[in-house]
Amino acid sequence: MTFAIVRPDRGLAAELQQRIDTKTKPLGALGRLETLALQIGLIQQSLAPRLSKPHMLVFAGDHGAARAGVSAYPQDVTWQMVENFLAGGAAINVFARQVGMDLSVVDAGVARDFGGRPGMIDAKVAPGTANYLEMPAMDGAQRDIAIARGRALARELAGQGCNVIGFGEMGIGNTASASLLTHCLTCAGLDTVIGRGTGLDDAGLARKRQLLARAVARGGRTGDPLEALAQYGGFEIAMMAGAMLGAAEAGMLLLIDGFIVTSALLVAHALCPAILDYSVFAHRSQEPGHTVQLTHFNIEPLVQLDLRLGEGTGAALVYPLVQAAVNFLNEMASFESAGVSGQQ
């Protein structure tokens, strides 16, 4: 499985930096927005980048291990929340509307037949993964189908003129899956990447740790991203990883949400490290494993709002910062154009 992600040519970096530095402000005064503007300019290979048709993709899937008690919520909440997304009533609907992002829900593997619905993309691989406490979550063919379908979704959006994708997810039990993937693909110990997810109490957290230790005892701690995905992943995570890779291949900007989305990026990055050049990390989740992931990438996200909702909410909330970075680059006067004296 190969991906043709090309690192942005940095030949434009000096000219972009000069354009940033000569705006009517002290050097570096816009902080992280300046770094972001440089990154977007390099991705688009333009001194005047543009954001076009931003789109939020929320990938949904069920996990066979959810019924074993790795989550505080029953598995039916997955399909119930998908219905909430389709009705426009979830947090991600509110935030996507607020910032002007289109939103699609991707059924990657929910244990429910939704039929043809406006706002939904039916890409279902199967009605949920197998229970990874007993066997691999998916076989190699299912994993590869999920990745390929995600890749095709991103390419289709790129063909429609979209150049910014936000990534979100829904799936009861998927923080457990993300913990297992993070354990496999970083140097972190298992307990350090297991959090309370949707709100487990102390007893529930202890049970989650015991169950995930059982899973690793069965399937092992593999550093191979495709094998780890097959052993412990969810269809929504696999499809999201494919969409990330496809979006980066198309030269799009990737808005990375929290813990579960970043677990998909761990897989994508292990397959093609150049994807980081296209990734903007939105926020630092309250899930302890997310800090491990960010440290692994040596990344400081844009904001810390103590979020732990998922759905892509953090990615949507930082989209105005992405807009601000592009807008100051394109619209802010330079010292010369404004007739303002520069630094002596």
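Values quoted throughout were computed directly from the atomic coordinates according to the rules given, and no laboratory measurement underlies them. All of these numbers come straight from a predicted model, not from anything done at the bench. Heads up, the Cβs are rebuilt from the backbone with ideal geometry, glycines too, and the neighbour counts pull from every protein chain shown.
List of remarks:
- Degrees between helix 77-87 axis and first principal axis of the chain (Cα, 0 to 90, nearest 10): 40 degrees
- Inter-centroid distance (Cα atoms) of segment 1-61 relative to segment 157-232, Å: 29 Å
- Degrees between helix 32-44 axis and first principal axis of the chain (Cα, 0 to 90, nearest 10): 90 degrees
- For segment 325-342, 3J(HN,Hα) per residue [Karplus equation, 6.51 cos²θ - 1.76 cosθ + 1.60, θ = phi - 60°, Hz, x = Gly/Pro]: 5, 5, 5, 5, 5, 8, 10, 6, 5, 8, 4, 5, 5, 8, x, 9, 5, x
- For V303, distant residues with modelled amide H under 5 Å away: H283, R284
- Net +/- balance of residues flanking G161 in space, Cβ distance below 15 Å, scoring K and R +1, D and E -1: +1
- Peptides 319-332, 57-70, ordered by how many other C-beta atoms sit within 10 Å of their residues on average, highest first, read 57-70, 319-332.
- Expressed as a fraction of 2.2 N^0.38 Å, the C-alpha radius of gyration for segment 55-327 is 0.90.
- Helix 288-297 and the longest principal axis of the Cα set of the chain meet at an angle near 50°.
- Normalised by the number of residues in segment 55-327, the mean separation of alpha-carbon contacts (under 8 Å, six or more apart) gives a relative contact order of 25 percent.
- Whole-Hz couplings from phi, Karplus 6.51/-1.76/1.60, listed for segment 299-306; x for Gly and Pro: 10, 10, x, 5, 9, 10, 10, 6
- Bridge type composition, the chain - antiparallel percent by DSSP, nearest 5: 5 percent
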